[in-house]
Each structure stands twice: as C-alpha cells, then as structure tokens.
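First comes the structure, then the notes that go with it.
The values are calculated or read from the model by the stated rules, or taken from the named source; none is laboratory data. The structure displayed is predicted, hence computed values, not measured ones. Quick reminder, even Gly has a Cβ in these numbers, built from the backbone with ideal geometry, and neighbours come from all protein chains shown. Just the protein is used for accessible areas: all its heavy atoms, side chains included, with ligands, DNA and RNA removed. Shrake-Rupley method; radii C 1.70, N 1.55, O 1.52, S 1.80 Å.
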Amino acid sequence: MPRIRRAPHVHKFGGASVADATAVARAVHILASLPGPHVVVVSAMAGVTDALLAIGSAAGRGDDASVRPIADLLATRHAEAIQALVPEGRVLHELLASIAESFEELKVLVREVSKRRDLTAATSDRIAARGERLSARILAAALQAAGKPARYLDATEFVHTDGHFGNAFPDLAASDRLIRQVLAPLVATGEVPVVPGFLGAAPDGQVTTMGRGGSDLTATLIGRALGASQISLWQDVPGLLTADPKVVPDARVIPQLNLREAAELAYYGAKVLHPRALIPLAGRNVPLFVRPFADPTSRGTEISGRRTLLRYPVKALSAVMGQSLVTVTGNGMLGVPGIAARTFAALHRERISVSLISQASSEHSICFGVPETSAERARISLNETFSEEIARREIDGVEVQSGVATLAVVGLGMAGTPGVASRVFTALSSGGVNVVAIAQGSSELNISVVVGAKDAPVALRRIHAAFQLSKIGGGAVAPTERADLVLLGFGQIGRTLAALTPKARGAPVALKIVAVIDQSGFVFRPSGLSRAALLALARHKARGKPLAQLRDGRAAAAEEAVSFVAHHALAHPILIDVTANETGPVLKRGLTLGMNLVLANKRPLSGPKREADELAETARAHGRRILFETTVGAGLPIIDTYYKLVESGDRVSKIEGCLSGTLGFLLTELERGRSFSETLRKALEKGYTEPDPRDDLSGLDVARKALILGRLLGYSGELKSVGLESLVPGSARDLPLKAFLAQLNRHDDEWGRRVEAARERGGVLRYVASITRRRISVGLQVVDATSPFAALRGTDNQVAFTTTRYRTNPLVITGPGAGPAVTAAGVLNDVLELVG
C-alpha cells in the first residue's frame, strides 16, 4: 500500500453545503483553495433524506399515488444541479443516466413495499441511501470538471457496521483496515476520494444507514483510520455556540472544546453535532473543526483532546426539550438490591433512552428523564416489572411528570472550581425558576437540572448571563471579591482617583481599574492595570499626550471604547465619568452593557430633561444604578443627605447653597483685602478653576449643580430656565484667554467697590444658589454676617436644607467643595457604595 506523504484533510459537506449547483460550486472552490491532500464525505442534498423517508413511509401505508411526483421532483433537482456543474459530454450523460436509473429503481422498490404494505428497516435504508450516493457523485463530477482529480467511492466498500438498520454503528477495527486499504492509495497519488456519508455495509453486505449525524460519523471514521491532519465539518452555522441562539440571542461561537465537552453538548441537544460522531476520535490526535460554509476563512470551533484554560470552567449550555420525568418511589426500595437494575432493564426492553438519572442516597426513590413520547411506554413497562411490589405496597407506584426540559451546564474546568453549582442555582432562583431534579457526576463535567419546559428559555438565559458566556473571557465564576472600574476621562480628577483607588481601606472587594478612556482612545487590560501602569499613564497624560499614542493604546471614540471593554467578562463593572463632556450616549451604552455608573460630570444630568430622564430609565430597565454625589458638592454628602431625609419621611421644600469652591475662594480672599486679579491668578495656580476661569465666573457650573438638585425636588425646567447672574465682565467675555488674563487688573477697582458696599450693609458677598420645586436662581448676594454662608472660608461649600423637620433651623452641611483630591475621594465613596 503506498505511503501517504502528508496527512489528509477530511471534509464533510452537509446537506445545506450541497443543496444545489451554487452550493456545490462553493464546496469545489473551498477544496481548491486549501492545501491537500483531501478526502471528502458528502451528505444528501438538503431535504432529500426526509423526502426519501417520506416516500418509504407512504409506500408502507399503501399510498403509492403520492410517490411518483415526489420522486420525479427529486430526480429533476439532481439532474438540474449536475447540468449546471458539468459540461456537455460523456460524463454528463453517464451521470444523468445514473440519476434516472436510481429513481426508476426507487419506484420499483416502492411498488413492492406498497403491495406488501410493509416497510422493513432494511428496505428503508435502501431507499434513503440513494440521497448521499447521488450528491457524492455530483460533487466528484464537479471537482473533475474544475480540473481536480477526484473519484467517487461507495462507503459500503470500506465502512462495515453492526447491521442495525436505521441506526448502525461502524465496526471500528474492520473499517480502519479497509479504509486504509481502499482510500490510502488514492490519497497518496493526489486523487480526491469523494464518499457518501451516512452509509455502511452490514455483515451480510446489505446497505445500512447510521442515523442522524451519520455523515459526521463517516468523516471521523475516515479521519481516524488515515490519521488525518484535521477534519472539517462544513455547516450552515458559524460553529458550536455557547447556547441555542434562538433562545439566547447573545450566544457566541466557542473557539475550542475538549472532546468530552463536545460530546456532552451534543448529547444534550446541540444539533450541530451528533455525540456518536466523536467516538472514533477518542484517544486519537485528530482535531475536528465545525466550520461555517458561508465563511471558509473562519476556524469555527475546534474539538480536540486539548484542555483549555481551567480558569474558564463553564464552556456552554445545552437543553433537551420534550422530556418527561419518571419517578419510582417506595419505602420498600430501601436497601433492596437490584431495584435500579430492574428499573433500567425494564427501560432497555422498550429501547427507551434515559437522559438523566437522580437518586437520593436513601434509595427511597429513583427518578430519570426520558423523551416525552416514550414516557407512557416506560410507565407501563415499570408497572409490569414491579407489579408484585406495588401490590404489596412496597413500591408506591410510578409517577410521570411531563412538560419538562433537561438543561446541561458543561465544562471540564468545573471540577475543582468552587462556586459553579452555587452560581447556577442562584441564577435560576433570581429568575424565579423552580428546579424539579438535579444530577451531577463526581467529575463535574456536567451539571444537569430539570425544569418546567416553559421555564427553560428563562433558565438558559439566566445561567448564560451569570457566567457571562456571551463575553470574551466568559465562563469563569465571576469573582465576588473584585469590582472592575472603567475611567472615562483621565484629567486631574481621574489621575488622582487612580492614585487613591489602590489605597482604599475597608472596601468589601478589591477595586481594579481595567480601562482608562480619553478623547483619543483607551488602554484596557482585563486583569487590571497595575499601580506602575497607572503611574505611567498619568505621566503620559500630564505631558499632554493622548492615550491612543501608547504602545498598548487603541484609537477609538468613547462609545466604541466602552463597547469594546464591556464585551469582555468583567466583575461588577463600574463606568466612572470624570470628564466635563457631553457623554450621555456613552453612559447609556454602558448601562445597556451591564455597567453601573458613577458621575462627577454634571452635564449628563443637567442637560435637556428628556435626556436625563432617559438615562435614569435606562438604568432602571437594566437593573443598574447611577450615583452622582460629586456632581454637586465634590466630597460633601449632599445627595446622600437629601435621599436620607426623604427616605425617613421628611419633605425638602428648599435648598440653598454656596456651591462653587472657586467662587467661594475668590470672594473670601477679596474680603481679606486681596485684589481680584491677584486672587484669580492664585486660584488658577492652585488648580481651583477650570483652565479658562471664565467658566467658573460665568456661574454656569453652579447653575448646573442647582439644576441637578432642583430635579431631585421635582423641578421640571431646563438649564435656560435657571435665573443666572454671570460674574464675567461684559467686555471680557469674547476675549482670547491670554488677553483676558493680561487685563485682569482692570477689574480690581470694581470688585473692591462691591466688597466695600457689602461691608457697609453689614454683610459679605456670596454666590448663592436658591432652589425650590418651582424656581431656581443663581447669583451674587449680600448675606448678613449672622448667616451660615458668611462664615465660609476658602474653597468650602455649604448647603442648607429647609424641610418639614428643619423648618426654623435648616440642616447645614459644610466642607471643601473644590479640588481634585476631594472630588476624587467623593467619587471613590460612590464606588464603595456600589460595591458595599
């Protein structure tokens, strides 16, 4: 036998991949584009096997009138395909004759069945086998027409089976030997053997079919015997998915599965692959790929003996629908040998497959899952088996609960990973799903639960979300001891927060900054940015350079960056907005992707009311929270105090406050006799102001804070409705920043007169916000020396709550209200509130 120099690539093209001439041409193109040698296994054209079995069934009932039209349609379909693929000539005419002969033979066979009204399993296999045989001949001819040496070989020459018609299994040893004898010489010479899948020869030589998925089994059998480099199953799906996409819309392709994991998924309802197809590959180093026929460049899903990273213990979910749970119960079963053996012997006699078994250690009951269509036969057989025990009341009887489904959570890494089962049942509980039965082997490869059929979709979605299987890095037990932070903005506050976060004490979980986003792009590390990495980012930003220029930086808009980060499996993700930009769409995107929000940015909540309401509604709809303490008073607990007052039954009627640390510093320094120009320059040096101090002098920042508080009270107006007094001199509003700063001393005398006038009235100047449900005003006021506002110094803020309880003497909160340190500390407090 000639030696194969290179291990062949075995391809199996499913029914959709050879459905018509266009599909066959694509298959030919795939084979031509990949390095050989090749062996090809072919299924019947899509729908042909079902049509042939329907013909046999109709004949068995004596209904041969409907047979001829179906047979003629099938003959025409195959003839049209071959005529589109093979040029005029001898080969075409021979194939057309072969197709006609096959369907004439079918009609003769069907007439015999119809006369006897008896369709045997052997005859059914003879009828069904022609689908694969014809499509394989068509593909072989198409390859030849494209200049590729190819030869049709009938599978019965080298696939020997156990002779169980309709569901045969190959004799592995005999088939191995024959495949090497027949196929290896052809492969060695560069020819492409094209083999009909699904078929084999019984010990007496009759054709047998190997059941649904039989073509996959043919491919793995050949791959095993020839020591294939790989086996590709070309399907109309992108690969094996983490769950059924019809039930779980965000299911994604699994890059790699161990053979055992794939077998479990296939057994528990993953229709892309039949579990028997993997049996020939056990102990063989032959990888199998489930690949998308529509995208030949994709690797799809690899199934092999490799074990992928154990830190991702859960790989996928599967479900068997249409199940019944059968329970045998009775005190007389306790400690009695042979009860289980007799139970399953009764099922074996009826050839009933069991999908799940659960038995308590007390042996008081045995329950198991069977197909709903087999449940009544199982009950009758068990009642007969235990008739004497039931009569003596040693066994109470056999109960059948229909309308259930068996869900399987699959992954080799579940063994030895604490918390997997806990997370499964927590997910089900949170979805209000009742568990009917549970089964788990000691290997923990599979946790199976039985639930009501109507609850199965919710259960699958809940478990899928709990393990974040739709995300990159999903499948781990989400660490409860960690929260992942995403910083939107990396200016002074962001950099200060990055330095504070590792030092947070008393946090119930570890806080990890995993991503930093600026206007240019972002830096992301799923395991968390180290302190050294954050320091390097801070130095880079302090030099005025964008994140996208870093070696591991990515250029992206903020919304794109948040989406990219959120498609990774994160633990309790929190998006922290420390920008001063219009970030509403970015924040909304973060909420929809499962992130909680912490805001120091006032714009999203003080912009159009409709947009602020939409943000709050999005959070409610997705079960997320928005904390925004630092939007009003930096580190002061102003929002927190408001909520505590309301939650305790109090009613807040008015809020007044000095809400600008910058303006507070300016006015208290003017009281001490300093000039306006000197004070403003000092505030700029200390970082108390925005880069352009006119942003603070305009009062717009205070107006935004006031509007945020007003909306808590029920104020329905917009920012333009706020009564706002600007402190920017009219002549300076349109000047360039440099020119404005150069002529600051022009305004010193005017501010000196204002301070003196206030002193003569027995008061001091303060920039005050007054907030009620109906009206908000912000402006310069002369406050009496006895007012709490008069005692403010430096950058301190002060807020007074007038409430039902605090009507005569308002509740006053005072403290620093400006500066990166206190703002960053306030943001960190909000983060700790979310993770607490």
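Some points to look at:
- To put it simply, the accessible area of the range 97-246 at a 1.4 Å probe is 48 percent carbon and sulfur.
- Cα long-axis angle, helix 214-226 against the chain (0 to 90 degrees, to the nearest 10): 80
- Of the residues Lys454, Lys271, Lys644, Lys12, ranked by 1.4 Å probe accessible area with the largest first, the sequence reads Lys271, Lys454, Lys644, Lys12.
- Accessible surface, the chain, averaged per residue in Å² (probe 1.4 Å): 44
- For Arg482, the amide hydrogen comes within under 5 Å of the amide hydrogens of Ala510, counting only partners 5 or more places away or on other chains and with H modelled in the peptide plane.
- Eigen-decomposition of the gyration tensor built on the alpha-carbon atoms of the range 132-224 gives equivalent ellipsoid semi-axes of 23, 15, 10 angstrom, largest listed first.
- Within the full protein context, the accessible area of Arg284 is estimated at about 90 Å² for a probe radius of 1.4 Å.
- Net charge over other residues, Cβ less than 14 angstrom from the Cβ of Val514 (K, R count +1; D, E count -1): +4
- Amide H within-cut-off set for Gly815, under 5 Å, with H built and near neighbours excluded: Asn797
- Carbon/sulfur fraction of accessible area - the range 683-788, other protein chains in place, 1.4 Å, %: 46
- Whole-number D in µm² s⁻¹ for the range 507-616, Kirkwood Cα-pair radius fed into Stokes-Einstein, 10 °C, 1.306 mPa s: 108
- On the beta carbon distance between Asp695 and Phe425, with R0 = 45 Å, the FRET formula returns roughly 0.25.
- Angle between the chain longest axis and helix 172-188 axis [Cα atoms, degrees, rounded to 10]: 80
- The phi torsions of the range 626-635, fed into the Karplus equation with coefficients 6.51, -1.76 and 1.60 and a -60° offset, translate into couplings of 10, 10, 9, 3, 6, 5, 10, x, 6, x Hz, rounded to whole numbers, with Gly and Pro shown as x.
- DSSP bridge orientation in the chain - percent antiparallel, rounded to nearest 5: 60
- Projected area averaged over orientations for the chain, convex hull of C-alpha atoms, nm²: 49.0
- Taking all protein chains together and rolling a 1.4 Å probe, His540 ends up with roughly 20 Å² accessible.
- When the inverse distances between all different Cα atoms of the range 566-628 are averaged and flipped, the Kirkwood radius reads 11.6 angstrom.
- Among the chymotrypsin sites (Phe, Trp or Tyr not before Pro) found in the range 765-836, those both in a DSSP coil and sparsely packed, with 16 or fewer other Cβ atoms within 10 Å of their Cβ, are Tyr806.
- Rounded FRET efficiency, nearest 0.05, which uses the C-beta distance separating Glu756 from Ala536 and R0 of 41 Å: 0.20
- For the range 340-455, the equivalent ellipsoid derived from the Cα gyration tensor has semi-axes of 29, 16, 14 Å, listed largest first.
- Each Lys or Arg adds one and each Asp or Glu subtracts one; over the other residues with Cβ under 13 Å from the Cβ of Glu389, this totals -1.
- Working from label points 7 Å from Cα in the Cα-to-Cβ sense, the Ala742 to Ala294 distance is 6.5 nm.
- The orientation-averaged projection of the convex hull spanning the C-alpha atoms of the range 1-151 amounts to 10.0 square nanometres.
- For the range 12-71, convex hull of alpha carbons as volume per residue, Å³: 75
- DSSP-defined beta bridges in the range 482-607 - what % are antiparallel, rounded to 5: 30
- Accessible heavy-atom area order of His622, His348, highest first, probe of 1.4 Å: His348, His622
- By average C-beta atoms within 10 angstrom, highest first, the peptides 220-232, 73-85: 220-232, 73-85
- Percent accessible area from carbon and sulfur atoms, the range 546-601, protein chains only, probe 1.4 Å: 52
- Segment Ser721-Arg733, length gained on full extension (0.36 nm per residue, minus Cα span): 2.2 nm
- Once all protein chains are placed together, Arg793 keeps about 130 Å² accessible to a 1.4 angstrom probe.
- The alpha-carbon of Lys644 sits under 16 angstrom from the alpha-carbons of these aspartates and glutamates, leaving out residues fewer than 8 places away in its chain: Glu629, Asp830, Glu833.
- Remark: the Val91-Val253 segment gains 54.2 nm on full extension, using 0.36 nm per residue and subtracting the alpha carbon distance.
- Computed FRET value (nearest 0.05) for Arg116 with Glu394, which takes r as the C-beta separation and R₀ as 60 Å: 0.80
- Entries in Lys545/Lys602; Lys148/Lys471; Lys12/Lys115 that, when Cα-Cα distance is taken, lie over 31 Å: Lys148/Lys471; Lys12/Lys115
- Dividing the mean sequence gap of close Cα pairs (under 8 Å, 6+ apart) by how many residues the range 1-146 holds gives a relative contact order of 33 percent.
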